[in-house]
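J.: Before I ask anything, let me first share the structure, which is written out below as structure tokens.
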Amino acid sequence: MEIKQNISLKNRNTFGIDVFADKLVDYYSIEELQDFIRCRVADGDTSPLLHIGGGSNLLFLKDFHGTILHSCIQGINVTADEGDNIYVRVGAGIRWDAWVQYAIDSSWFGLENLSAIPGEVGASAIQNIGAYGSEAKDFILYVDCVDLETGDIRHFCRAECEYGYRDSIFKNVVSGRYAVTHVHFQLSHSFRPNIEYGGIRAALQEQGIKEWDLSPAMLRQTIIHLRQQKLPDPNVCGNAGSFFKNPIISYEDWAKLLENCPDAPHYELETGVKVPAAWLIEQCGWKGRSLGKAGVYANQPLVLVNNGDAQGKDIAALSKAIQDDVAKHFGITLETEVCFV
Ligand code: EPU
């Protein structure tokens, strides 16, 4: 376990916001985490706790007076291999994309479309990360956790995780209560490419790749290429990927929107109609614009960027201005995907 006091979190959040935490604890095993919790309980320490992953979905608004916990738990272990299915237990502290690469190199398939997503494996199970028609929940069988109040181990099967679009029980009723230590994935020995999502087919055609020649590694490279075209590299320009969720509106509201905007892009779902937040933001004239030190990325307006030494409040002010404009023009509430701390 590594404990640091009064430490900058600039390198611990992909926005690169320079705030300080009273304490930062990096732990390397379940036992180390349990020791930390039991000492805390014994000391009667009730100061705030915040568990982070790669910090790719966080916006720090101020210094954190409490303890930041971070898992460095490693390990990729096959727990069962049955027919077409392979079951793998993965440490929460492994970088998500290192895991995707490892799976593809091992000929365990399914995660190709989730290539190059920033963050760590533990957070993938909390946030239900998604891209190009796939979501983490499609492959998660269960999640091993430690109760941050007692140190006890608890397992959540997929149904108990209550997964939704960028959502899970860990963001709702049990928010802040559990640390994910391992995620159990179910992958496949057969490669079944999922290339229906907009842009993948066209990108394959552009590269002259025929569907029947497509390998998992090629699909991964195509997804990486697509993401690089649209999304800024956090090492070059601070950002947290999509800042907002794509709103899902009722069919009634959709009919009204259609009267004024007959060409509005949309995806029809059982629960309503998903309208791309990127489109709503662009229509309001925010694409590529800045407000102080915070900006709207020109290639994908769903992404807010740190133009230099922005503070959390600068990004939050831009977010609020966009939300207000979208509400004014379309009557639609944009919810943030990024968590404000
Ligand atoms: N669009 C515009 N203007 C733009 C860009 C996009 O109007 O400048 C519209 C277009 O109609 C486009 C639509 O937005 O068809 C959707 O754009 P895109 O396919 O780029 O995806 P997205 O809905 O904006 C979602 C995820 C991304 C994920 C991509 C690809 C959310 C909140 N975001 O974005 O996830 O990479 O699909 O699957 O669901 C993330 O969560 O951090 C993230 C990057």
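The values are calculated or read from the model by the stated rules, or taken from the named source; none is laboratory data. This one's a predicted model, so the numbers in the text were calculated from it and none came from an experiment. Methodologically, a virtual Cβ is constructed for each residue, glycine included, from the backbone with ideal geometry; neighbour enumeration extends over all protein chains shown. Please note that ligands, DNA and RNA were not included when accessible areas were found on the heavy atoms of the full protein model with its side chains. Shrake-Rupley method; radii C 1.70, N 1.55, O 1.52, S 1.80 Å.
J.: Does segment 76-206 classify as rounded, prolate or oblate by the C-alpha gyration tensor (a ≥ b ≥ c root eigenvalues; a/c under 1.5 gives rounded; else a/b over b/c gives prolate, otherwise oblate)?
T.: Judged from the Cα gyration tensor, segment 76-206 comes out prolate (a/c at least 1.5, a/b above b/c).
J.: Go ahead and collect, in residue order, the members of segment 101-132 whose backbone nitrogen is under 16 Å from a label point 7 Å along the Cα-Cβ direction of Ser175.
T.: Taking a point 7 Å out along Cα→Cβ of Ser175, the residues of segment 101-132 whose backbone N falls under 16 Å are 126-128.
J.: Then there's this: So what is the relative contact order of the chain, in percent, for Cα pairs below 8 Å that sit 6 or more residues apart?
T.: 16
J.: Roughly how many whole Å is it from the C-alpha centroid of segment 168-216 to that of segment 13-61?
T.: Here the two parts' Cα centres lie 29 Å apart.
J.: Using packing as a proxy for protection, rank 54-60, 218-224 so that the peptide with the highest average count of other Cβ atoms within 10 Å comes first.
T.: 54-60, 218-224
J.: While we're on this one: Before anything else, pin down the relative contact order of segment 1-126: Cα pairs under 8 Å, at least 6 apart, normalised by residue count, whole percent.
T.: Relative contact order comes out at 22 percent.
J.: Apply the Karplus parameterisation 6.51 cos²θ - 1.76 cosθ + 1.60, with θ equal to phi minus 60°, to every residue of segment 274-283 and state each ³J(HN,Hα) to the nearest whole Hz, in sequence, with x for glycine and proline.
T.: Each residue of segment 274-283 in turn: 8, 10, x, 4, 4, 5, 4, 5, 5, 4 Hz.
J.: Label the chain by shape, choosing from rounded, prolate and oblate, from the square roots a ≥ b ≥ c of the eigenvalues of the Cα gyration tensor; if a/c is under 1.5 it is rounded, and otherwise prolate applies when a/b is larger than b/c, oblate when it is not.
T.: Here the chain falls in the oblate category.
J.: Now for a different question. Output the relative contact order of segment 125-176, whole-number percent, from Cα pairs under 8 angstrom with separation of 6+ residues.
T.: Relative CO of segment 125-176 lands at 36 percent.
J.: Given a Förster distance of 41 angstrom, what is the FRET efficiency for Ala80 paired with Ala298, based on the Cβ-Cβ distance and rounded to 0.05?
T.: Step by step, r from the Cβ atoms, then E = 0.30.
J.: Along the positive direction of the dipole of the chain (beta-carbon charges: Lys, Arg +1; Asp, Glu -1; about the Cα centre), which of Asn239, Ala116, Ser47 reaches farthest?
T.: Checking the options against the dipole of the chain, the answer is Asn239.
J.: Right, another one. With every protein chain left in place and a probe of 1.4 Å, what is the accessible surface of Thr333, to the nearest 10 Å²?
T.: 110
J.: Hey, rough spin-label estimate for Lys210 and Glu335, points 7 angstrom out along Cα→Cβ, what's it come to in nanometres?
T.: The answer from the label model is 4.5 nm.
J.: Placing +1 on the Cβ of each Lys and Arg and -1 on the Cβ of each Asp and Glu in the chain, which of Asn194, Ile209, Gln323 has its Cα farthest towards the positive end of the resulting dipole?
T.: The residue sitting farthest along the positive end of the dipole is Gln323.
J.: Now for a separate question. Please give the Cα centre distance for segment 110-127 versus segment 247-307, rounded to the nearest Å.
T.: 24
J.: What is the gain in length, in nm to one decimal, between Asp43 and Lys230 on full extension, counting 0.36 nm per residue of separation less the C-alpha to C-alpha distance?
T.: 62.5 nm is the gain from fully extending Asp43 to Lys230.
J.: In addition: Past 18 Å, Cα to Cα: identify those pairs from Lys230/Lys313; Lys245/Lys274; Lys245/Lys320; Lys293/Lys320, in the order given.
T.: The answer is Lys230/Lys313.
J.: Quickly work out the Glu282-to-Ser107 label distance, labels modelled 7 Å from Cα along the C-beta direction, and quote it in nm with one decimal.
T.: With each label placed 7 Å out from Cα toward Cβ, I get 4.2 nm.
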